[in-house]
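Taking it in order: structure first as C-alpha coordinates, then the write-up.
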Amino acid sequence: MKTRLLLLLILFTGSSTFSQRLYKISVQVSGREETLSYVTKAGIDYASAKELSSILSTAHFFNAEAAKIEIKFQNYILKFTARNQFVILNHKDDGAQSIFQIPISTLLINEDVFIPLIYCTDYLSLGYGKKILFDSRSKNLIVTEEPFATETFVNAKQSQEKEIKLPDVETPAETVNSKYDINSIEVEEKSNGTLIRLKASRKINIPKHSISNNTLYVFISGVTIAPDIVNSVKPAGLVQRIKKTVITSKNNQLEFVLNDGYSTTEALQDLDSHDILITIHNKLFDSTLSNVDDAKSKWLFDAVVIDAGHGGKDPGAIGVTGIKEKDVNLAVALKLGKLIEKNLPDVRVVYTRNTDEFIELYKRGKIANENGGKLFISVHCNSTEAKDISYRGFEVYLLRPGRTSQAIKIAEFENSVIKYEENPDRYQKLTDENFILVSMAHSQYMRYSETFSDLLDQEWKHEVKIPALGIKQAGFYVLVGASMPGVLIETGFLSNRKDEAHLASTTGQNEIAKAIFSSIKRYKENYEKEFGK
(Lines give C-alpha, C1' and ligand atoms only; values in the text may rest on other atoms or scores of the structure.)
Protein backbone atom coordinates (compact mmCIF):
# COMPACT_ATOMS: atom_id res chain seq x y z
CA MET A 1 0.00 0.00 0.00
CA LYS A 2 2.79 2.42 0.92
CA THR A 3 4.53 1.70 -2.36
CA ARG A 4 1.33 2.47 -4.25
CA LEU A 5 0.84 5.71 -2.34
CA LEU A 6 4.42 6.69 -3.13
CA LEU A 7 3.87 6.03 -6.82
CA LEU A 8 0.67 8.07 -6.82
CA LEU A 9 2.43 10.98 -5.15
CA ILE A 10 5.14 10.89 -7.78
CA LEU A 11 2.72 10.68 -10.66
CA PHE A 12 0.47 13.50 -9.51
CA THR A 13 2.86 16.04 -8.03
CA GLY A 14 1.76 19.53 -9.05
CA SER A 15 3.84 21.56 -11.47
CA SER A 16 3.67 25.04 -12.92
CA THR A 17 5.77 24.16 -15.94
CA PHE A 18 4.97 22.70 -19.31
CA SER A 19 5.83 19.63 -21.32
CA GLN A 20 8.85 19.61 -23.58
CA ARG A 21 7.58 16.60 -25.50
CA LEU A 22 7.54 17.93 -29.06
CA TYR A 23 4.61 17.38 -31.37
CA LYS A 24 4.32 18.19 -35.08
CA ILE A 25 2.33 20.87 -36.88
CA SER A 26 1.57 20.37 -40.56
CA VAL A 27 2.97 23.13 -42.81
CA GLN A 28 1.96 23.80 -46.44
CA VAL A 29 4.48 25.90 -48.34
CA SER A 30 5.21 26.26 -52.08
CA GLY A 31 3.27 23.14 -53.01
CA ARG A 32 5.02 20.88 -50.52
CA GLU A 33 4.12 19.65 -47.05
CA GLU A 34 6.51 19.94 -44.11
CA THR A 35 6.23 19.33 -40.37
CA LEU A 36 7.16 21.72 -37.60
CA SER A 37 7.92 20.92 -33.95
CA TYR A 38 5.72 22.60 -31.35
CA VAL A 39 4.65 22.46 -27.71
CA THR A 40 1.50 23.73 -26.02
CA LYS A 41 1.50 25.80 -22.85
CA ALA A 42 -1.70 27.20 -21.30
CA GLY A 43 -3.53 26.53 -24.57
CA ILE A 44 -1.01 28.43 -26.73
CA ASP A 45 0.99 26.63 -29.44
CA TYR A 46 4.69 27.51 -29.56
CA ALA A 47 6.75 26.49 -32.61
CA SER A 48 10.46 26.07 -33.23
CA ALA A 49 11.95 29.23 -34.75
CA LYS A 50 14.91 27.27 -36.11
CA GLU A 51 12.69 24.82 -37.96
CA LEU A 52 10.47 27.63 -39.24
CA SER A 53 13.51 29.34 -40.70
CA SER A 54 14.52 26.14 -42.51
CA ILE A 55 11.00 25.51 -43.81
CA LEU A 56 10.86 29.08 -45.21
CA SER A 57 14.32 28.52 -46.78
CA THR A 58 15.93 31.37 -44.86
CA ALA A 59 19.19 31.49 -42.93
CA HIS A 60 19.22 31.94 -39.17
CA PHE A 61 21.70 32.61 -36.40
CA PHE A 62 21.22 31.45 -32.81
CA ASN A 63 23.16 33.12 -29.99
CA ALA A 64 23.16 30.56 -27.18
CA GLU A 65 24.47 32.97 -24.56
CA ALA A 66 21.79 35.59 -25.23
CA ALA A 67 19.19 32.90 -26.07
CA LYS A 68 18.31 34.89 -29.18
CA ILE A 69 17.59 33.85 -32.75
CA GLU A 70 17.85 35.98 -35.89
CA ILE A 71 15.84 34.86 -38.93
CA LYS A 72 17.42 36.42 -42.01
CA PHE A 73 14.83 37.07 -44.71
CA GLN A 74 15.64 38.71 -48.05
CA ASN A 75 14.87 42.26 -46.90
CA TYR A 76 14.47 41.92 -43.13
CA ILE A 77 16.08 40.34 -40.09
CA LEU A 78 13.54 39.18 -37.53
CA LYS A 79 14.82 38.70 -33.96
CA PHE A 80 13.21 36.72 -31.13
CA THR A 81 14.73 36.39 -27.65
CA ALA A 82 13.77 33.52 -25.34
CA ARG A 83 11.54 34.38 -22.36
CA ASN A 84 10.94 37.81 -23.91
CA GLN A 85 7.84 39.58 -25.29
CA PHE A 86 9.63 41.81 -27.80
CA VAL A 87 10.06 41.19 -31.52
CA ILE A 88 12.79 43.19 -33.28
CA LEU A 89 12.60 43.92 -37.00
CA ASN A 90 15.68 45.27 -38.82
CA HIS A 91 15.46 46.46 -42.42
CA LYS A 92 18.55 45.32 -44.32
CA ASP A 93 18.67 48.28 -46.72
CA ASP A 94 18.77 51.21 -44.32
CA GLY A 95 19.28 49.46 -40.95
CA ALA A 96 16.02 50.91 -39.60
CA GLN A 97 14.73 49.05 -36.55
CA SER A 98 11.15 48.49 -35.41
CA ILE A 99 10.25 47.06 -32.01
CA PHE A 100 6.97 45.23 -31.42
CA GLN A 101 5.52 43.59 -28.34
CA ILE A 102 3.56 40.33 -28.23
CA PRO A 103 1.20 39.50 -25.33
CA ILE A 104 3.25 36.59 -23.95
CA SER A 105 6.91 35.61 -23.79
CA THR A 106 8.66 33.15 -26.05
CA LEU A 107 10.17 29.92 -24.67
CA LEU A 108 13.64 28.38 -24.63
CA ILE A 109 13.66 24.65 -25.41
CA ASN A 110 16.65 22.56 -26.40
CA GLU A 111 18.77 25.51 -27.55
CA ASP A 112 15.95 26.88 -29.68
CA VAL A 113 13.47 29.74 -29.30
CA PHE A 114 9.84 28.61 -29.50
CA ILE A 115 7.48 31.40 -30.54
CA PRO A 116 3.70 31.65 -29.90
CA LEU A 117 2.38 31.16 -33.44
CA ILE A 118 -0.96 32.87 -32.96
CA TYR A 119 0.84 36.15 -32.13
CA CYS A 120 3.78 35.85 -34.53
CA THR A 121 2.40 34.93 -37.96
CA ASP A 122 2.13 38.60 -38.98
CA TYR A 123 5.79 39.19 -38.15
CA LEU A 124 6.80 36.08 -40.07
CA SER A 125 4.59 37.19 -42.98
CA LEU A 126 6.24 40.59 -42.88
CA GLY A 127 9.71 39.11 -43.12
CA TYR A 128 8.82 36.47 -45.70
CA GLY A 129 6.75 38.84 -47.85
CA LYS A 130 3.80 36.44 -48.16
CA LYS A 131 0.84 35.97 -45.88
CA ILE A 132 1.26 33.13 -43.37
CA LEU A 133 -1.83 31.74 -41.61
CA PHE A 134 -2.12 29.43 -38.59
CA ASP A 135 -5.18 27.38 -37.66
CA SER A 136 -4.73 26.34 -34.01
CA ARG A 137 -7.65 23.88 -34.13
CA SER A 138 -6.37 21.80 -37.04
CA LYS A 139 -2.71 22.51 -36.21
CA ASN A 140 -2.05 23.72 -39.77
CA LEU A 141 0.37 26.45 -40.82
CA ILE A 142 -0.19 27.67 -44.36
CA VAL A 143 2.20 29.86 -46.36
CA THR A 144 0.02 31.47 -49.03
CA GLU A 145 1.01 33.09 -52.32
CA GLU A 146 -0.76 36.30 -51.28
CA PRO A 147 1.66 39.26 -50.85
CA PHE A 148 1.80 40.77 -47.37
CA ALA A 149 1.13 44.50 -46.96
CA THR A 150 4.43 45.23 -45.23
CA GLU A 151 4.44 49.04 -44.93
CA THR A 152 0.80 49.23 -43.83
CA PHE A 153 1.43 46.62 -41.15
CA VAL A 154 4.60 48.27 -39.83
CA ASN A 155 3.04 51.72 -39.64
CA ALA A 156 -0.06 50.39 -37.88
CA LYS A 157 1.95 48.41 -35.36
CA GLN A 158 4.36 51.23 -34.64
CA SER A 159 1.42 53.55 -34.05
CA GLN A 160 -0.12 51.08 -31.59
CA GLU A 161 3.13 50.42 -29.76
CA LYS A 162 5.03 53.72 -30.02
CA GLU A 163 5.32 53.91 -26.23
CA ILE A 164 7.21 50.61 -26.00
CA LYS A 165 10.82 51.00 -24.90
CA LEU A 166 13.23 48.12 -24.77
CA PRO A 167 16.24 48.83 -22.50
CA ASP A 168 18.26 45.83 -23.71
CA VAL A 169 16.91 43.53 -26.39
CA GLU A 170 19.80 41.11 -25.89
CA THR A 171 18.60 40.18 -22.40
CA PRO A 172 15.53 38.17 -21.38
CA ALA A 173 12.68 40.39 -20.20
CA GLU A 174 12.74 39.02 -16.65
CA THR A 175 16.25 40.33 -16.08
CA VAL A 176 16.20 43.65 -17.97
CA ASN A 177 16.05 45.90 -14.89
CA SER A 178 17.98 43.70 -12.49
CA LYS A 179 20.84 45.37 -10.63
CA TYR A 180 21.92 42.17 -8.92
CA ASP A 181 22.96 38.67 -9.89
CA ILE A 182 20.24 37.25 -7.61
CA ASN A 183 17.25 39.55 -7.31
CA SER A 184 14.51 37.46 -5.70
CA ILE A 185 13.72 34.15 -3.99
CA GLU A 186 10.63 32.01 -4.42
CA VAL A 187 9.66 29.18 -2.05
CA GLU A 188 7.01 26.67 -3.10
CA GLU A 189 5.65 23.61 -1.33
CA LYS A 190 5.30 20.43 -3.40
CA SER A 191 4.02 16.96 -2.58
CA ASN A 192 7.58 15.64 -2.62
CA GLY A 193 9.15 18.44 -0.57
CA THR A 194 9.90 22.14 -0.89
CA LEU A 195 11.41 23.94 -3.87
CA ILE A 196 13.50 27.11 -3.45
CA ARG A 197 14.17 29.13 -6.59
CA LEU A 198 16.95 31.73 -6.57
CA LYS A 199 16.06 34.04 -9.49
CA ALA A 200 19.34 34.90 -11.22
CA SER A 201 20.04 37.46 -13.94
CA ARG A 202 23.13 35.65 -15.22
CA LYS A 203 24.61 32.19 -15.12
CA ILE A 204 26.18 31.47 -11.72
CA ASN A 205 27.80 28.44 -10.18
CA ILE A 206 25.66 26.05 -8.17
CA PRO A 207 26.24 27.17 -4.55
CA LYS A 208 27.56 25.04 -1.72
CA HIS A 209 24.79 24.03 0.68
CA SER A 210 24.23 21.87 3.73
CA ILE A 211 21.71 21.27 6.51
CA SER A 212 22.73 21.61 10.14
CA ASN A 213 20.69 22.22 13.30
CA ASN A 214 17.39 22.55 11.42
CA THR A 215 18.89 25.18 9.10
CA LEU A 216 19.74 24.99 5.41
CA TYR A 217 22.88 27.02 4.75
CA VAL A 218 23.48 28.20 1.18
CA PHE A 219 26.86 29.86 0.61
CA ILE A 220 26.96 32.03 -2.52
CA SER A 221 30.38 33.24 -3.62
CA GLY A 222 31.26 35.89 -6.20
CA VAL A 223 27.64 36.92 -6.65
CA THR A 224 25.72 40.08 -5.79
CA ILE A 225 22.38 39.67 -4.01
CA ALA A 226 19.64 42.27 -3.61
CA PRO A 227 20.06 43.71 -0.06
CA ASP A 228 16.37 43.42 0.85
CA ILE A 229 15.88 40.05 -0.83
CA VAL A 230 14.51 38.23 2.23
CA ASN A 231 11.83 40.85 2.95
CA SER A 232 9.65 39.80 0.03
CA VAL A 233 10.01 36.03 0.45
CA LYS A 234 6.98 34.12 1.68
CA PRO A 235 8.01 31.00 3.65
CA ALA A 236 6.25 27.80 2.61
CA GLY A 237 6.43 24.08 3.17
CA LEU A 238 9.55 23.09 5.09
CA VAL A 239 10.92 26.65 5.12
CA GLN A 240 9.98 28.52 8.31
CA ARG A 241 11.97 31.75 7.87
CA ILE A 242 14.91 33.13 5.89
CA LYS A 243 17.95 35.16 6.86
CA LYS A 244 20.76 36.68 4.78
CA THR A 245 24.26 37.07 6.21
CA VAL A 246 26.65 39.37 4.35
CA ILE A 247 30.25 38.19 4.44
CA THR A 248 31.62 40.54 1.75
CA SER A 249 29.95 42.49 -1.05
CA LYS A 250 30.00 39.40 -3.28
CA ASN A 251 30.02 36.64 -0.70
CA ASN A 252 26.77 35.94 1.09
CA GLN A 253 25.11 33.19 3.04
CA LEU A 254 21.39 32.48 2.89
CA GLU A 255 19.99 30.65 5.90
CA PHE A 256 16.66 28.85 5.67
CA VAL A 257 15.33 27.81 9.08
CA LEU A 258 13.41 24.57 8.54
CA ASN A 259 10.33 22.99 10.03
CA ASP A 260 10.46 19.37 11.15
CA GLY A 261 10.02 16.71 8.49
CA TYR A 262 12.97 17.37 6.18
CA SER A 263 15.59 14.85 5.11
CA THR A 264 18.16 15.79 2.45
CA THR A 265 18.74 18.59 -0.05
CA GLU A 266 20.00 19.03 -3.59
CA ALA A 267 20.88 22.05 -5.77
CA LEU A 268 20.51 22.20 -9.55
CA GLN A 269 20.53 24.79 -12.30
CA ASP A 270 17.28 25.37 -14.16
CA LEU A 271 17.77 24.27 -17.78
CA ASP A 272 15.58 27.05 -19.20
CA SER A 273 16.95 30.00 -17.20
CA HIS A 274 19.88 31.05 -15.03
CA ASP A 275 17.92 30.26 -11.86
CA ILE A 276 19.27 28.01 -9.12
CA LEU A 277 16.81 25.40 -7.82
CA ILE A 278 17.29 23.98 -4.34
CA THR A 279 15.14 21.06 -3.26
CA ILE A 280 14.48 20.04 0.34
CA HIS A 281 13.20 16.49 0.49
CA ASN A 282 10.35 15.40 2.73
CA LYS A 283 11.11 12.77 5.34
CA LEU A 284 8.05 10.96 3.99
CA PHE A 285 10.17 9.22 1.40
CA ASP A 286 12.70 8.02 3.95
CA SER A 287 9.98 6.10 5.74
CA THR A 288 9.99 3.34 3.13
CA LEU A 289 13.61 2.64 3.93
CA SER A 290 13.19 2.83 7.68
CA ASN A 291 10.30 0.38 7.49
CA VAL A 292 12.46 -1.96 5.49
CA ASP A 293 15.18 -1.54 8.09
CA ASP A 294 12.73 -2.77 10.73
CA ALA A 295 12.15 -5.89 8.68
CA LYS A 296 15.73 -6.78 7.84
CA SER A 297 14.74 -9.57 5.49
CA LYS A 298 13.49 -6.95 3.06
CA TRP A 299 17.05 -5.68 2.69
CA LEU A 300 18.04 -8.95 1.05
CA PHE A 301 19.14 -8.47 -2.54
CA ASP A 302 16.78 -11.09 -3.88
CA ALA A 303 15.12 -9.65 -7.01
CA VAL A 304 16.36 -7.90 -10.15
CA VAL A 305 13.86 -6.35 -12.56
CA ILE A 306 14.92 -6.44 -16.22
CA ASP A 307 12.98 -4.07 -18.44
CA ALA A 308 13.34 -4.65 -22.19
CA GLY A 309 12.48 -1.25 -23.66
CA HIS A 310 9.73 -0.80 -26.28
CA GLY A 311 7.99 -3.90 -27.74
CA GLY A 312 4.92 -4.91 -29.72
CA LYS A 313 3.50 -2.00 -31.72
CA ASP A 314 6.38 0.19 -30.49
CA PRO A 315 9.54 -0.80 -32.42
CA GLY A 316 11.79 1.80 -30.81
CA ALA A 317 14.72 3.02 -32.90
CA ILE A 318 15.32 1.52 -36.34
CA GLY A 319 18.89 0.72 -37.39
CA VAL A 320 20.75 1.50 -40.61
CA THR A 321 19.85 -1.92 -42.03
CA GLY A 322 16.40 -2.06 -40.46
CA ILE A 323 17.22 -3.72 -37.13
CA LYS A 324 14.50 -2.92 -34.58
CA GLU A 325 15.48 -1.75 -31.13
CA LYS A 326 12.71 -3.74 -29.44
CA ASP A 327 14.23 -7.01 -30.70
CA VAL A 328 17.75 -6.22 -29.48
CA ASN A 329 16.45 -5.09 -26.09
CA LEU A 330 14.49 -8.31 -25.57
CA ALA A 331 17.36 -10.54 -26.68
CA VAL A 332 19.77 -8.86 -24.24
CA ALA A 333 17.18 -8.97 -21.43
CA LEU A 334 16.57 -12.71 -21.84
CA LYS A 335 20.28 -13.51 -22.00
CA LEU A 336 20.89 -11.43 -18.88
CA GLY A 337 18.04 -13.18 -17.07
CA LYS A 338 19.50 -16.62 -17.85
CA LEU A 339 22.91 -15.59 -16.49
CA ILE A 340 21.34 -14.45 -13.23
CA GLU A 341 19.22 -17.58 -12.87
CA LYS A 342 22.22 -19.81 -13.49
CA ASN A 343 24.83 -18.02 -11.36
CA LEU A 344 22.79 -16.24 -8.66
CA PRO A 345 20.14 -18.80 -7.65
CA ASP A 346 19.07 -16.71 -4.64
CA VAL A 347 18.10 -13.79 -6.88
CA ARG A 348 14.72 -13.81 -8.65
CA VAL A 349 14.53 -12.45 -12.18
CA VAL A 350 11.49 -10.29 -12.92
CA TYR A 351 10.83 -9.35 -16.55
CA THR A 352 8.56 -6.43 -17.44
CA ARG A 353 8.18 -8.31 -20.73
CA ASN A 354 9.68 -11.55 -21.98
CA THR A 355 7.92 -11.60 -25.34
CA ASP A 356 7.33 -9.10 -28.14
CA GLU A 357 4.49 -7.22 -26.45
CA PHE A 358 3.76 -3.57 -25.69
CA ILE A 359 3.83 -2.67 -22.00
CA GLU A 360 2.88 0.84 -20.90
CA LEU A 361 5.64 2.73 -19.10
CA TYR A 362 3.80 3.16 -15.81
CA LYS A 363 3.00 -0.58 -15.72
CA ARG A 364 6.71 -1.41 -15.92
CA GLY A 365 7.32 0.39 -12.62
CA LYS A 366 4.21 -1.21 -11.18
CA ILE A 367 5.51 -4.68 -12.10
CA ALA A 368 8.84 -3.87 -10.46
CA ASN A 369 7.25 -2.66 -7.23
CA GLU A 370 4.72 -5.48 -6.90
CA ASN A 371 7.50 -8.05 -7.29
CA GLY A 372 9.72 -6.51 -4.63
CA GLY A 373 12.54 -5.53 -6.99
CA LYS A 374 15.82 -4.39 -5.46
CA LEU A 375 17.33 -3.11 -8.72
CA PHE A 376 15.61 -1.92 -11.91
CA ILE A 377 17.52 -2.14 -15.21
CA SER A 378 15.90 -0.77 -18.36
CA VAL A 379 17.64 -1.94 -21.55
CA HIS A 380 17.58 0.25 -24.68
CA CYS A 381 19.48 1.11 -27.85
CA ASN A 382 20.31 4.63 -28.91
CA SER A 383 20.04 6.33 -32.30
CA THR A 384 20.56 9.66 -34.01
CA GLU A 385 18.29 11.31 -36.58
CA ALA A 386 20.96 10.92 -39.26
CA LYS A 387 21.74 7.30 -40.11
CA ASP A 388 25.07 5.66 -40.85
CA ILE A 389 27.18 8.19 -38.98
CA SER A 390 30.37 7.65 -36.99
CA TYR A 391 28.99 8.56 -33.56
CA ARG A 392 28.69 5.42 -31.43
CA GLY A 393 28.92 4.16 -27.86
CA PHE A 394 27.26 2.95 -24.66
CA GLU A 395 25.70 5.22 -22.03
CA VAL A 396 24.11 4.55 -18.64
CA TYR A 397 21.53 7.03 -17.32
CA LEU A 398 20.33 7.98 -13.84
CA LEU A 399 16.94 9.54 -13.12
CA ARG A 400 17.59 13.25 -12.82
CA PRO A 401 16.71 16.24 -14.99
CA GLY A 402 18.88 16.19 -18.12
CA ARG A 403 21.76 18.65 -18.06
CA THR A 404 22.71 18.51 -21.73
CA SER A 405 20.64 18.95 -24.87
CA GLN A 406 21.69 15.47 -26.03
CA ALA A 407 20.48 13.85 -22.79
CA ILE A 408 17.19 15.71 -23.04
CA LYS A 409 16.68 14.57 -26.64
CA ILE A 410 17.35 10.95 -25.69
CA ALA A 411 14.84 11.17 -22.83
CA GLU A 412 12.29 12.78 -25.15
CA PHE A 413 12.63 9.91 -27.61
CA GLU A 414 12.35 7.22 -24.93
CA ASN A 415 9.41 9.05 -23.33
CA SER A 416 7.65 9.50 -26.68
CA VAL A 417 6.44 5.88 -26.56
CA ILE A 418 3.50 7.10 -24.49
CA LYS A 419 1.86 8.04 -27.81
CA TYR A 420 1.06 4.32 -28.11
CA GLU A 421 -0.69 4.25 -24.73
CA GLU A 422 -4.40 4.58 -24.06
CA ASN A 423 -3.97 7.46 -21.60
CA PRO A 424 -0.77 9.43 -22.32
CA ASP A 425 -2.12 12.35 -20.25
CA ARG A 426 -1.18 10.48 -17.07
CA TYR A 427 2.39 11.71 -17.63
CA GLN A 428 1.62 15.35 -18.38
CA LYS A 429 2.78 16.59 -14.97
CA LEU A 430 6.09 14.72 -15.12
CA THR A 431 7.92 17.45 -16.98
CA ASP A 432 10.66 20.04 -16.59
CA GLU A 433 10.82 21.39 -13.04
CA ASN A 434 8.64 18.53 -11.84
CA PHE A 435 11.29 15.98 -12.78
CA ILE A 436 13.47 17.70 -10.19
CA LEU A 437 10.69 17.09 -7.70
CA VAL A 438 10.32 13.50 -8.81
CA SER A 439 14.03 13.01 -8.19
CA MET A 440 13.36 14.00 -4.58
CA ALA A 441 11.48 10.77 -4.11
CA HIS A 442 14.32 8.86 -5.69
CA SER A 443 17.04 10.61 -3.70
CA GLN A 444 16.99 7.81 -1.14
CA TYR A 445 17.96 5.36 -3.91
CA MET A 446 20.33 7.61 -5.84
CA ARG A 447 23.49 6.55 -4.02
CA TYR A 448 22.80 2.91 -4.93
CA SER A 449 21.88 3.78 -8.53
CA GLU A 450 25.16 5.68 -8.82
CA THR A 451 27.10 2.74 -7.37
CA PHE A 452 25.60 0.32 -9.88
CA SER A 453 26.18 2.76 -12.76
CA ASP A 454 29.84 3.08 -11.84
CA LEU A 455 30.27 -0.70 -11.66
CA LEU A 456 28.53 -1.16 -15.01
CA ASP A 457 30.70 1.51 -16.63
CA GLN A 458 33.81 -0.35 -15.39
CA GLU A 459 32.61 -3.80 -16.47
CA TRP A 460 31.50 -2.55 -19.87
CA LYS A 461 35.00 -1.32 -20.69
CA HIS A 462 36.39 -4.81 -19.97
CA GLU A 463 33.68 -6.91 -21.62
CA VAL A 464 32.15 -5.07 -24.60
CA LYS A 465 33.70 -3.85 -27.85
CA ILE A 466 31.30 -0.91 -28.07
CA PRO A 467 33.03 2.13 -26.45
CA ALA A 468 31.72 3.49 -23.14
CA LEU A 469 30.61 7.14 -23.13
CA GLY A 470 30.09 7.39 -19.38
CA ILE A 471 27.37 7.98 -16.81
CA LYS A 472 24.74 10.61 -17.54
CA GLN A 473 21.37 11.78 -16.30
CA ALA A 474 17.98 12.52 -17.81
CA GLY A 475 14.28 12.37 -17.01
CA PHE A 476 12.99 8.99 -18.13
CA TYR A 477 9.35 8.18 -17.36
CA VAL A 478 10.07 4.45 -17.09
CA LEU A 479 12.41 5.01 -14.11
CA VAL A 480 9.92 7.21 -12.26
CA GLY A 481 7.52 4.51 -11.14
CA ALA A 482 10.11 2.00 -9.89
CA SER A 483 10.58 2.58 -6.14
CA MET A 484 14.09 1.14 -6.03
CA PRO A 485 17.56 1.91 -7.38
CA GLY A 486 17.46 1.91 -11.15
CA VAL A 487 19.24 2.84 -14.37
CA LEU A 488 18.46 3.07 -18.05
CA ILE A 489 21.10 1.62 -20.36
CA GLU A 490 21.64 2.74 -23.96
CA THR A 491 23.68 -0.23 -25.20
CA GLY A 492 24.83 1.42 -28.44
CA PHE A 493 23.72 3.40 -31.49
CA LEU A 494 21.64 1.60 -34.08
CA SER A 495 22.34 4.57 -36.37
CA ASN A 496 26.00 3.46 -36.49
CA ARG A 497 26.82 0.40 -38.62
CA LYS A 498 29.49 -0.96 -36.23
CA ASP A 499 27.26 -0.64 -33.17
CA GLU A 500 24.24 -1.98 -35.04
CA ALA A 501 26.11 -5.07 -36.26
CA HIS A 502 27.41 -5.81 -32.76
CA LEU A 503 24.03 -5.24 -31.12
CA ALA A 504 22.30 -7.52 -33.62
CA SER A 505 24.83 -10.34 -33.22
CA THR A 506 24.63 -13.17 -30.67
CA THR A 507 28.25 -12.45 -29.73
CA GLY A 508 27.53 -8.80 -29.04
CA GLN A 509 24.37 -9.53 -27.07
CA ASN A 510 26.23 -12.11 -24.96
CA GLU A 511 28.99 -9.57 -24.23
CA ILE A 512 26.45 -6.98 -23.13
CA ALA A 513 24.51 -9.45 -20.96
CA LYS A 514 27.76 -10.62 -19.34
CA ALA A 515 28.88 -7.05 -18.56
CA ILE A 516 25.54 -6.21 -16.95
CA PHE A 517 25.54 -9.50 -15.03
CA SER A 518 29.08 -8.92 -13.70
CA SER A 519 27.95 -5.49 -12.50
CA ILE A 520 24.92 -6.98 -10.75
CA LYS A 521 27.09 -9.58 -9.05
CA ARG A 522 29.55 -6.95 -7.76
CA TYR A 523 26.68 -4.68 -6.74
CA LYS A 524 25.06 -7.54 -4.79
CA GLU A 525 28.33 -8.17 -2.93
CA ASN A 526 28.63 -4.48 -1.99
CA TYR A 527 24.96 -4.34 -1.04
CA GLU A 528 25.19 -7.31 1.30
CA LYS A 529 28.39 -6.02 2.92
CA GLU A 530 26.57 -2.80 3.79
CA PHE A 531 23.38 -4.35 5.14
CA GLY A 532 24.58 -7.78 6.17
CA LYS A 533 23.02 -11.03 5.14
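The values are calculated or read from the model by the stated rules, or taken from the named source; none is laboratory data. What you are looking at is a predicted structure, and each value in this text was computed from that prediction instead of being measured. Heads up, the Cβs are rebuilt from the backbone with ideal geometry, glycines too, and the neighbour counts pull from every protein chain shown.
Looking only at the stretch 81-92, residues that are touching a residue at least 40 places away in the same chain (Cβ under 8 Å) and either assigned to a strand (DSSP E or B) or closer than 26 Å to residue 149 by Cβ (or both) come to 5 in all.
Residue by residue through the stretch 97-111, note down the ones that are surrounded by 20 or more Cβ atoms within 10 Å (Cβ to Cβ) and modelled with pLDDT under 85. Within the stretch 97-111, 100 is the sole residue that qualifies.
Only one of 185, 225 is closer than 26 Å to residue 107 by Cβ, at pLDDT 85 or above, surrounded by 20 or more Cβ atoms within 10 Å (Cβ to Cβ) and in contact with a strand residue (DSSP E or B) (Cβ under 7 Å, 6 or more places away or on another chain). Can you tell me which? The conditions single out 185. Can you pull out every residue in the stretch 253-298 that is at pLDDT below 85 and over 29 Å from the mean Cα position of the chain (by Cα)? 290, 291, 292, 293, 294, 295, 296, 297, 298, listed by residue number.
Residue check: is residue 385 in the same structural domain as residue 472 (by TED's automatic domain parsing) and modelled with pLDDT under 80?
Details: in the same structural domain as residue 472 (by TED's automatic domain parsing): yes; modelled with pLDDT under 80: yes.
Criteria met by residue 385.
Selection of the stretch 228-260 for residues being touching a Gly at 6+ places or on another chain (Cβ under 9 Å) and either more than 29 Å from residue 65 (Cβ to Cβ) or surrounded by 14 or more Cβ atoms within 10 Å (Cβ to Cβ) (or both) yields 237, 238, 251, 259.
Report yes if residue 65 is of a type in the set (Asp, Glu) and either at pLDDT 85 or above or on the phi > 0 side of the Ramachandran plot (or both), otherwise no.
Numbers: of a type in the set (Asp, Glu): yes; either at pLDDT 85 or above or on the phi > 0 side of the Ramachandran plot (or both): no.
Answer is no for this residue.
Confirm whether residue 123 is hydroxyl-bearing (Ser, Thr, Tyr), crowded, with 20+ Cβ neighbours inside 10 Å and touching a helix residue (DSSP H, G or I) at 6+ places or on another chain (Cβ under 8 Å). No, not satisfied. Just for the stretch 228-238: of the residues that are among the small types (Gly, Ala, Ser) and at negative phi, which one is modelled with the lowest pLDDT? Per the stated criteria, the residue is 232. Checking the stated criteria, residue 218 turns out to be aliphatic (A, V, I, L, M) and either in a loop (DSSP other than H, G, I, E, B) or crowded, with 18+ Cβ neighbours inside 10 Å (or both).
The number of residues in the stretch 359-379 that are in contact with a helix residue (DSSP H, G or I) (Cβ under 6 Å, 6 or more places away or on another chain) and either modelled with pLDDT of 90 or more or not assigned by TED's automatic domain parsing to the domain that holds residue 301 (or both) comes to 3.
Could you list, in sequence order, the residues of the stretch 355-389 that are among the small types (Gly, Ala, Ser) and either over 30 Å from residue 496 (Cα atoms) or surrounded by fewer than 19 Cβ atoms within 10 Å (Cβ to Cβ) (or both)? Let's see the steps before the verdict.
Let us first name the residues in the stretch 355-389 that are among the small types (Gly, Ala, Ser), namely 365, 368, 372-373, 378, 383, 386.
Matches in the stretch 355-389: 365, 368, 372, 373, 386.
Listed by position, the strands (runs of 3 or more DSSP E) enclosed by the stretch 20-71 include none that has at least 2 residues that are crowded, with 20+ Cβ neighbours inside 10 Å and not assigned by TED's automatic domain parsing to the domain that holds residue 139.
Listed conditions (1) closer than 21 Å to residue 489 by Cα; (2) in contact (Cβ under 8 Å) with a residue 12 or more places away in the chain are all met by residue 341, apart from (2). Residue 94 meets the stated requirement of being acidic (Asp, Glu), assigned by TED's automatic domain parsing to the domain that holds residue 143 and at pLDDT below 80.
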